[in-house]
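**Q** Please find one structure pasted underneath; my questions will follow.
The values are calculated or read from the model by the stated rules, or taken from the named source; none is laboratory data. All figures in this text were calculated on a predicted structure; none of them were measured in a lab. All Cβ positions, even for glycine, are placed from backbone atoms using ideal geometry, and neighbour counts span all protein chains on display.
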Amino acid sequence: MRTEQMSLAGVIVFRPTPHHDERGFFTRTFDAAVAAEHGVRAETFLQDSQSRSHRGTIRGLHGRGGRGEAKLVRCARGAVLDVVVDARPESPTFGRHESILLDDVGHAHLYIPPGFLHGFQALSDDADVCYRIDREHDPAEDLAVRFDDPALAVAWPTAPTAMSERDRSAGTWDELVCTLVGPSRVPSW
């Protein structure tokens, strides 16, 4: 399994090596030893979840307040454009985002440390995204920013075909920054 550090500090891509034969393929979807070499402790994950989204669906941009939430994300079926936004006020990449293709061909996994917003758009007819999460869900700590916020300028591949009401009515990046650092420290974009 190869690993890559993305440009946002702490975001790691794990790239397994699938073995193909006449039956199909076999691949390792998680390796605690490889993860530990990069500071990701397997025992911290408490919950596995899965979503299925239809082509064009956008989920996100979501995060968790308080001490944040670490995720290990992969696309087990189909393809998604996965997006992470650094929402850690102390980070040198605060407010920057990065995207990566996750699909069932390359089998890449994306480790997202606490303090990030996360979202994706389904690029295939159906896309199953699997999440390994390090804490139980607490709706009181949910954070969300509009997928099309001009301050972030995420380049989604297509116009959304579906999204939740929560995502449609999410606040702006500037509103989130005010809650994270206070109005006097909101950067001028």
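**Q** Looking only at strands (runs of 3 or more DSSP E) that fall completely inside the range 16-62, which ones have 1 or more residues that are of a type in the set (A, V, I, L, M, F, W, C) and either closer than 14 Å to H107 by Cβ or touching a Ser or Thr at 6+ places or on another chain (Cβ under 8 Å) (or both)?
**A** Working: elements: 19-21, 24-26, 47-54.
Ranges flagged: 24-26.
**Q** I would also like to ask the following. Suppose we filter P113, P157 for residues that are under 27 Å from G78 (Cα atoms), in contact with a Gly (Cβ under 6 Å, 6 or more places away or on another chain) and touching a residue at least 60 places away in the same chain (Cβ under 8 Å); which single one remains?
**A** Values: P157 fails: in contact with a Gly (Cβ under 6 Å, 6 or more places away or on another chain).
Result: P113 is the single residue among P113, P157 that is under 27 Å from G78 (Cα atoms), in contact with a Gly (Cβ under 6 Å, 6 or more places away or on another chain) and touching a residue at least 60 places away in the same chain (Cβ under 8 Å).
**Q** Further question on the same structure: Enumerate the pairs (first residue in the range 1-27 and closer than 15 Å to S91 by Cβ; second residue anywhere and of a type in the set (D, E, K, R)) with beta-carbon separation below 6 Å, excluding pairs fewer than 6 apart on the same chain, so at least 6 apart or on different chains.
**A** The qualifying pairs are M6/E98; S7/E98; L8/D86; L8/E98.
**Q** Something else about it: Considering every residue within the range 128-142, establish whether at least one is over 29 Å from L46 (Cβ atoms) and of a type in the set (F, W, Y).
**A** So the first thing to find is which residues in the range 128-142 are over 29 Å from L46 (Cβ atoms), and the list is none.
So far as the range 128-142 goes, no, none of its residues is over 29 Å from L46 (Cβ atoms) and of a type in the set (F, W, Y).
**Q** Got a sec? Which strands (runs of 3 or more DSSP E) wholly within the range 88-189 have at least 2 residues that are within 18 Å of G66 (Cβ to Cβ) and of a type in the set (A, V, I, L, M)? Quick ask: steps written out before the conclusion?
**A** Values: elements: 97-103, 109-112, 116-122, 126-133, 142-144.
It comes to 142-144.
**Q** Out of F45, F25, report the one residue that is over 13 Å from the mean Cα position of the chain (by Cα) and more than 30 Å from M163 (Cβ to Cβ). Walk me through it before giving the result.
**A** On the way: F45 fails: more than 30 Å from M163 (Cβ to Cβ).
The unique qualifying residue is F25.
**Q** To continue, here is another question. Restricting to the range 51-71, name every residue that is surrounded by fewer than 16 Cβ atoms within 10 Å (Cβ to Cβ) and modelled with pLDDT of 95 or more.
**A** S51, R52, H54
**Q** Moving to a separate point now. Which one of these is in contact (Cβ under 8 Å) with a residue 60 or more places away in the chain, crowded, with 16+ Cβ neighbours inside 10 Å and touching a helix residue (DSSP H, G or I) at 6+ places or on another chain (Cβ under 7 Å): A108, A127, A144, A122? Step through it out loud before you land on a result.
**A** Numbers: A108 fails: touching a helix residue (DSSP H, G or I) at 6+ places or on another chain (Cβ under 7 Å); A127 fails: touching a helix residue (DSSP H, G or I) at 6+ places or on another chain (Cβ under 7 Å); A122 fails: touching a helix residue (DSSP H, G or I) at 6+ places or on another chain (Cβ under 7 Å).
Checking each option against the conditions leaves just A144.
**Q** Shifting gears a bit: Looking only at the range 147-184, count how many residues are under 19 Å from L101 (Cα atoms), surrounded by 14 or more Cβ atoms within 10 Å (Cβ to Cβ) and among the aliphatic types (A, V, I, L, M).
**A** So the count comes out to 2.
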